[in-house]
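Chemist: Here it is: the structure, laid out below.
The values are calculated or read from the model by the stated rules, or taken from the named source; none is laboratory data. Because the structure is predicted, anything quoted here is derived from the model rather than measured. Positions of Cβ are generated from backbone atoms using ideal geometry, with glycine treated the same way; all protein chains shown enter the neighbour counts. Remember, those area values only see protein heavy atoms, side chains included, never the ligands or the DNA or RNA. Shrake-Rupley method; radii C 1.70, N 1.55, O 1.52, S 1.80 Å.
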Amino acid sequence: MATVTETIQVSGIRCERCVMRLAHTLEGTDGLEAANATLMGQVTLSYDDERTTRDALVEKLARGGFREQAFVSN
């Protein structure tokens, strides 16, 4: 198991309710170990790269209304 942690910038987060909606969007994702979001739109994801991918997580966020803006860090 290789855990990857990275932070991405997303649009669509404007309030605490948006943060909760983001958490609900990612809930139950296989391989996702942790997800934390700020009101500034920074989302830190920790995931098992043998069970999911960054692209799959970003796609799931997009389906929930959150669009990736720019890569922040690894």
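Chemist: Could you grab me the full set of residues in region 22-46 that are among the charged types (D, E, K, R) and at pLDDT below 95?
Modeler: Taking region 22-46 and keeping what is among the charged types (D, E, K, R), we get 27, 30, 33.
GLU27, the sole residue that qualifies.
Chemist: Where the second residue is among the small types (Gly, Ala, Ser) and open to solvent by less than 70 Å² (accessible area, probe 1.4 Å) and the first is within 12 Å of ALA23 (Cα to Cα) and lies in region 34-63, which pairs have Cβ atoms under 6 Å and are six or more apart or on separate chains?
Modeler: ALA34/SER46; VAL43/ALA37; LEU45/ALA35
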